[in-house]
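Notes to accompany the following structure.
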Amino acid sequence: MTSCHIAEEPIKKVAIFGGTHGNELTGVFLVKHWLKNGAEIQRTGLEVKPFITNPRAVKKCTRYIDCDLNRIFDLENLGKKMSEDLPYEVRRAQEINHLFGPKNSEDSYDIIFDLHNTTSNMGCTLILEDSRNNFLIQMFHYIKTSLAPLPCYVYLIEHPSLKYATTRSIAKYPVGIEVGPQPQGVLRADILDQMRKMIKHALDFIHHFNEGKEFPSCTIEVYKIMEKVDYPRNENGEIAAIIHPNLQDQDWKPLHPGDPVFLTLDGKTIPLGGDCTVHPVFVNEAAYYEKKEAFAKTTKLTLQAESIRCSLH
Amino acid sequence: MCSLPVPREPLRRVAVAGGTHGNEMSGIYLVRHWLLTPAELQRPSFSAVPVLANPAATAACRRYVDRDLNRTFASTFLNSRPTPDDPYEVTRARELNQLLGPKASGQAFDFVLDLHNTTANMGTCLIADSSHDVFALHLCRHLQLQYPELSCQVLLYQRSGEESHNLNSVAKNGLGLELGPQPQGVLRADIFSRMSALVATVLDFIELFNQGTTFPAFEMEAYRPVGVMDFPRTEAGNLAGTVHPQLQDQDFQPLQPGDPIFQMFSGEDLLYEGESAVYPVFINEAAYYEKGVAFVQTEKLTFSVPAMPALTPAPSPAS
């Protein structure tokens with residue numbers, strides 16, 4: 001009996017981006033290494049291109065020069081008239097869109113992996129932008145299974161207002177890879193090893209898929225963004241309370257109403273309000289202080305993917 | 001290097017500095033808190049002054065604007081003629097020298113406590129000048145006894161024969177508190193609380209000293225830098241590998257010849273080739289990549305610290 005599956009086009013063009021944030025070093029050094037010696041990321045029949053997206057920020061070991069590159073790949077910024085007055089990252093976004101896009105066109109790259117680190121204790125994380133993307137859900141299922149028992153979490157950023165215009169969003173299949181905890185400006189060997197494994201399994205999946213393997217229908221557990229929570233601040237806008245020790249490093253774990261969330265600078269505990277259990281992520285991420293995000297609340301849900309097989313077989 | 005004389009008068013002018021590096025958050029938030037709630041820094045015999053050492057770097061959440069402030073308190077910077085092109089930190093160092101110094105003068109502050117964080121797994125590290133710094137070492141001993149669970153380690157930073165260039169050196173005496181691991185730009189509640197408690201105990205010690213307490217002699221174990229090791233680099237100067245997983249987070253643990261220290265991106269391990277054990281600290285500190293330091297090698301020493309006799313009370317004024 002022939003199984004019922006969705007036929008997907010073969011994957012031809014893959015890119016691996018590092019240095020979208022210049023101080024998130026794992027991606028920077030993996031990409032620089034692969035630019036010199038790319039054997040590890042090659043698979044038969046597949047073009048895999050490593051690329052440093054924000055070289056000026058990488059050189060200065062800073063997150064960005066003028067503005068966050070990973071927030072500006074919307075059509076308005078990509079369509080602005082090129083000029084020296086545009087922020088560096090907007091000009092760079094247009095170059096990247098030209099090389100790997102254009103966004104929403106047939107010519108864009110099939111898959112872009114964008115490599116990131118976080119100071120939060122999020123472990124290995126895959127970021128999904130579309131809950132109905134069978135191909136990526138299958139890929140993520142494959143990666144999670146291959147990494148086990150090392151946990152790998154899936155963060156779904158599909159949301160009417162909170163979804164942001166990522167660098168990778170110019171591809172047909174955008175994949176965010178986020179590994180932490182790692183301080184900005186530090187390269188840890190254990191984190192490097194974890195990210196390397198995630199990429200290896202991802203490329204193996206693509207290779208198996210292109211070779212005609214059928215992936216039966218599957219489900220994965222994901223954490224979907226609900227809302228972002230800022231630090232309590234005083235009248236001058238300065239932080240008046242910090243992530244409570246009970247919440248620090250507890251990314252993905254259930255947080256119940258009444259559980260401690262913040263500790264004021266003079267020692268008082270602020271509990272979680274509301275009436276539902278949430279799963280916090282990006283708890284105490286250094287780069288999010290200026291974005292006014294102490295952590296994000298997510299809700300756990302299960303996504304299903306149809307069986308898929310490459311249409312050439 | 002000559003001994004720092006033990007103070008013979010009560011310490012009256014004490015400062016606690018945060019934000020010497022503008023992205024080391026514990027000290028920054030403590031100073032901000034004390035500027036609003038100064039009572040916490042008051043003791044019966046003195047009040048400590050909170051100082052935000054590098055305001056411009058703090059506002060930008062960067063280690064420094066032009067140059068590392070904590071390397072700028074040498075006399076070449078402090079005493080040279082100001083020019084409009086001076087780096088921000090040189091101008092600021094001169095201001096701090098006016099406020100807390102002048103360095104090596106009788107008018108300098110009695111004591112400066114400088115608050116730092118590191119991305120390295122150094123726990124609670126107390127940074128004193130040298131084994132001759134009797135007052136600071138008794139203070140370290142006091143902290144170790146008050147907080148046995150913290151395993152406070154003492155690091156003796158000043159290299160003999162070299163002029164000091166750190167903030168503490170502006171005052172007559174000083175100590176650095178270095179707490180980690182904490183990423184730059186992140187404020188962890190556990191480290192913040194620990195630093196707050198340590199500062200309170202430092203001030204309590206100064207109060208005890210001022211009230212005429214005797215401190216007996218003791219044997220101290222401390223670590224002293226003997227060299228640094230850079231990351232393995234390509235010809236172009238880029239990283240070719242990073243700290244080996246077996247060395248990562250092992251600050252203050254003995255490193256033996258033959259132990260792995262770096263893991264290359266291509267997979268091989270580089271081994272430590274020294275002749276004897278060293279004790280690495282500041283392992284994988286973010287701010288030290290640009291200084292060419294993957295870790296600082298230290299030797300462990302044990303030495304005697306003489307008793308610190310009680311202050312003799314000043315004669316009371318005739319009534």
| query | In the range A:128-151, is there at least one residue being farther than 25 Å from A:GLU89 by Cβ, within 14 Å of chain B (Cβ to nearest Cβ) and at pLDDT 95 or above? | reply | no
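I'd like to check which helices (runs of 4 or more DSSP H) are fully inside the range A:56-147 and have at least 1 residues that are closer than 25 Å to A:LEU25 by Cα.
Correct list: A:88-100, A:134-147.
Consider the range B:51-96. How many of its residues are outside any helix (DSSP H, G or I) and touching a residue at least 12 places away in the same chain (Cβ under 8 Å)? So that I can check it myself, show each step before the final result.
Taking the range B:51-96 as the starting set, the residues that turn out to be outside any helix (DSSP H, G or I) are B:51-54, B:61-68, B:72-74, B:79-87.
Checking the rest, the ones that are also touching a residue at least 12 places away in the same chain (Cβ under 8 Å) come to B:51-54, B:61-68, B:72-74, B:82, B:87.
So the count comes out to 17.
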| message | Need the failing condition index for B:LEU301 against (1) assigned to a strand (DSSP E or B); (2) assigned by the TED database to the domain that holds B:ALA136; (3) not hydroxyl-bearing (Ser, Thr, Tyr), just the number. | response | (2)
| In the range A:8-31, the residues that are surrounded by fewer than 20 Cβ atoms within 10 Å (Cβ to Cβ) and out of contact with any helix residue (DSSP H, G or I) (no Cβ under 7 Å at 6 or more places or on another chain) | A:GLU9, A:LYS12, A:LYS13
| task | Report, by residue number, each residue of the range A:198-231 that is in contact with a Ser or Thr (Cβ under 8 Å, 6 or more places away or on another chain) and either of a type in the set (Ser, Thr, Tyr) or within 14 Å of chain B (Cβ to nearest Cβ) (or both). | result | A:SER217, A:THR219, A:TYR223
| said: Can you report the number of residues in the range B:248-282 which are more than 14 Å from chain A (Cβ to nearest Cβ), part of a strand (DSSP E or B) and either charged (D, E, K, R) or within 27 Å of the chain's Cα centre (by Cα) (or both)? | reply: 5
| field | Subset of the range B:91-104 [surrounded by fewer than 20 Cβ atoms within 10 Å (Cβ to Cβ) and either modelled with pLDDT of 95 or more or not small (Gly, Ala, Ser) (or both)] | value | B:THR91, B:GLU95, B:GLN98, B:LEU99, B:PRO102
| request: Kindly check whether there is at least one residue in the range B:285-298 that is over 18 Å from B:THR118 (Cβ atoms) and surrounded by 12 or more Cβ atoms within 10 Å (Cβ to Cβ). | output: no
| request: Tell me, please, whether a residue that is free of Cβ contacts under 8 Å to residues at least 24 places away in the same chain and part of a strand (DSSP E or B) can be found in the range A:275-282. | output: no
| task | Search the range A:244-265 for residues being crowded, with 17+ Cβ neighbours inside 10 Å and closer than 23 Å to A:VAL154 by Cβ, and hand back the single one that is farthest from the other protein chains (Cβ to nearest Cβ). | result | A:TRP252
| For the range A:29-55, which residues satisfy the criterion of being closer than 15 Å to A:HIS116 by Cβ, touching a residue at least 40 places away in the same chain (Cβ under 8 Å) and not in a loop (DSSP other than H, G, I, E, B)? | A:PHE29, A:LEU30, A:VAL31, A:PHE51
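Go through the range B:147-179 and give me each residue that's in a strand (DSSP E or B) and over 15 Å from B:MET220 (Cβ atoms).
Looking only at the range B:147-179, we keep the residues that are in a strand (DSSP E or B), and these are B:153-156, B:174-179.
Those that are in a strand (DSSP E or B) and over 15 Å from B:MET220 (Cβ atoms): B:GLY174, B:GLY176, B:LEU177, B:GLU178, B:LEU179.
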| task | Go through the range A:198-238 and give me each residue that's in a strand (DSSP E or B), touching a His at 6+ places or on another chain (Cβ under 9 Å) and either of a type in the set (S, T, N, Q) or farther than 23 Å from A:TRP252 by Cβ (or both). | result | A:PHE215, A:THR219
| request: Give the residues of the range A:144-172 that are surrounded by fewer than 15 Cβ atoms within 10 Å (Cβ to Cβ) and among the hydroxyl-bearing types (Ser, Thr, Tyr), sorted by residue number. | output: A:THR145, A:SER161
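Against the definition (touching a Lys or Arg at 6+ places or on another chain (Cβ under 8 Å), within 14 Å of chain A (Cβ to nearest Cβ) and in contact (Cβ under 8 Å) with a residue 40 or more places away in the chain), how does B:VAL199 come out, yes or no?
Values: touching a Lys or Arg at 6+ places or on another chain (Cβ under 8 Å): no; within 14 Å of chain A (Cβ to nearest Cβ): yes; in contact (Cβ under 8 Å) with a residue 40 or more places away in the chain: yes.
The answer is no for B:VAL199.
What are the residues in the range B:14-34 that are within 11 Å of another protein chain (Cβ to nearest Cβ) and part of a helix (DSSP H, G or I), if any? Spell out how you get there, then give the answer.
As a first pass, look at the range B:14-34 and keep what is within 11 Å of another protein chain (Cβ to nearest Cβ): B:23, B:25-26, B:28-30, B:32-34.
Across the range B:14-34, the qualifying residues are B:MET25, B:SER26, B:ILE28, B:TYR29, B:LEU30, B:ARG32, B:HIS33, B:TRP34.
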| request: Looking at (1) basic (Lys, Arg); (2) in contact (Cβ under 8 Å) with a residue 60 or more places away in the chain; (3) surrounded by 21 or more Cβ atoms within 10 Å (Cβ to Cβ), find the lone condition where A:ARG92 falls short. | output: (2)
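Against the condition assigned to a loop (DSSP other than H, G, I, E, B), in contact (Cβ under 8 Å) with a residue 12 or more places away in the chain and closer than 20 Å to A:ILE127 by Cβ, how does A:THR20 come out, does it pass? So that I can check it myself, show each step before the final result.
Details: assigned to a loop (DSSP other than H, G, I, E, B): yes; in contact (Cβ under 8 Å) with a residue 12 or more places away in the chain: yes; closer than 20 Å to A:ILE127 by Cβ: yes.
So A:THR20 fits the description; yes.
If I filter the range B:147-194 down to residues being among the small types (Gly, Ala, Ser) and within 14 Å of another protein chain (Cβ to nearest Cβ), which single residue comes out as nearest to B:VAL296 (Cα to Cα)? Full working, then the answer.
As a first pass, look at the range B:147-194 and keep what is among the small types (Gly, Ala, Ser): B:151, B:160-161, B:164, B:169, B:171, B:174, B:176, B:180, B:185, B:189, B:193.
Narrowing further to those that are within 14 Å of another protein chain (Cβ to nearest Cβ): B:180, B:185, B:189, B:193.
Working: B:GLY180: 15, B:GLY185: 23, B:ALA189: 27, B:SER193: 27 Å.
Among them, the one singled out is B:GLY180.
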| Among B:ARG81, B:ARG92, B:ARG62, which is farther than 30 Å from A:TYR64 by Cβ and out of contact with any helix residue (DSSP H, G or I) (no Cβ under 6 Å at 6 or more places or on another chain)? | B:ARG81
| request: Identify all residues within the range A:266-296 that are surrounded by 22 or more Cβ atoms within 10 Å (Cβ to Cβ) and more than 10 Å from chain B (Cβ to nearest Cβ); write none if there are none. | output: A:VAL278, A:PRO280, A:VAL281, A:PHE282, A:VAL283, A:ALA294, A:PHE295, A:ALA296
| request: Scan (1) surrounded by fewer than 20 Cβ atoms within 10 Å (Cβ to Cβ); (2) in a loop (DSSP other than H, G, I, E, B); (3) at pLDDT 95 or above for the single condition A:GLN184 breaks and write down its number. | output: (1)
| remark: Residues of the range B:1-44 being hydroxyl-bearing (Ser, Thr, Tyr) and farther than 17 Å from A:TYR289 by Cβ, in sequence order, are B:SER3, B:THR20, B:THR37
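The values are calculated or read from the model by the stated rules, or taken from the named source; none is laboratory data. Keep in mind that what you see is a predicted model, and the values were worked out from it rather than measured. Cβ atoms come from the backbone with ideal geometry, glycine included; neighbour counts cover every protein chain shown.
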